[in-house]
Amino acid sequence: MERRLPVSGLERCPGCHPERSEGSLSPSSQTLRFAEGDRHDLQMSGIALLDIEREIGYTVHMNEQSVQYSEQNEASEESAPTQIAPAPMVERAFRLLDLLSATEEGLTLSDLARSLNMSKGSIHGLLKTLESSGAIEQVEDKRFVLGPRIYDLAQSYIQRAGLRHFALPAMRRLATSTGETVCLGRIEQKGVRIIESIVDEVQQAGLHIAARRGMRIPLLAGACGAIALASWPLAQRENYLRNHPLPRFTEHSITDPQRFLARVEEVARTGISIDHEEYLDGVNAVSTPIYGAGGTLVALLWIVGFASRFKDEVLERAAEQLRAEAMAVSQSLGARS
């Protein structure tokens, strides 16, 4: 598998050296795409499309044909008729919650049994199940009201719906002011999932980096990894690194656990994580957290750009702008300043 791509007549991607290339692209395409975890496609003007396999030992092969084929298969599977088994007790549980949401005083067992046309014995079992999960609770006069679990779920939904609403304008401002790619991602068990990505092509008409929505990058990759661990207690960080060795993505990657923990501590203090070619050769990044109500880590916001131009004072200035925008989004989502 080839690992380098020639870049002639364009801005050179640091770390790329001329070797052999495969395939061809339209001359209008001028994008560097980095894909899930350990593989990225390079698309540049008049140059070839190339799969890159990392030394970490695994790769995700992707091209336009295979993506389209996969999407068609998924669409056909979704369109296939399926039989859905009825779940009357689940339906009754939601009807019960609807009834409780319409009253502040709450309803008794008799009230609910009558409204749902259920026997008191059946409704009693349903109430106990919902009460044990925190979805409802019993108050004075043996009345039932919505429980804290429902409010937690509602708050989670509000944060999800509000995240894009407040983050997208901030991302557009950052893309315009920096001329680089701005990403929004959520932390998952195995990585960070990109849910939005914006490039201001007017500001940056030349070569730029693009990240596809839905793409997942490794949890410990570059700028995002330190932000993720900074939200954890020290013992949890240390335990995680004992069970998950730090991968070497590039020669600049931090693989020593103590150095990485020191960096995480600095990130926890400043709220900013800067990556100097630690995840991708020739690419720098800066990341910061977005918090919601109760100080919950809701998402990560970061900027990526070529190290040849996104460095030094430019990178530091972008970091300050990023932090200010992320703080404003956090406050809009209910986080305390």
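Once the Cβ-Cβ distance of Ala102 and Trp232 is raised to the sixth power relative to R0 = 30 Å, the FRET efficiency obtained is 0.15.
The P(r) of the stretch 153-332 has a tail past 31 Å containing 11 percent of all C-alpha pairs. Counting Cα-Cα pairs of the stretch 88-146 in 10 Å increments starting at 0 gives whole-percent bin shares of 25, 65, 10. Dividing the mean sequence gap of close Cα pairs (under 8 Å, 6+ apart) by how many residues the stretch 274-323 holds gives a relative contact order of 33 percent. Annotation: extensible slack from Lys142 through Asp111 equals 10.0 nm (criterion: 0.36 nm per residue apart, minus Cα-Cα distance).
Summing Lys and Arg as +1 and Asp and Glu as -1 over all other residues whose Cβ lies under 12 Å from the Cβ of Val314 gives a net charge of -2.
When both the stretch 204-254 and the stretch 274-330 are represented by their alpha-carbon centers, they are found 12 Å apart.
Residue order for Tyr279, Tyr151, fewest other beta carbons within 10 angstrom first, comes to Tyr151, Tyr279. Using the average count of surrounding beta-carbon atoms within 10 Å as a protection proxy, the listed peptides 217-226, 230-239 rank, highest first, as 217-226, 230-239.
Rule-based calculations on the coordinates, nothing more; no lab input. Small disclaimer: the values here were computed from a predicted structure and weren't measured. We place every Cβ from the backbone using ideal geometry, glycine too, and count neighbours over all the protein chains shown.
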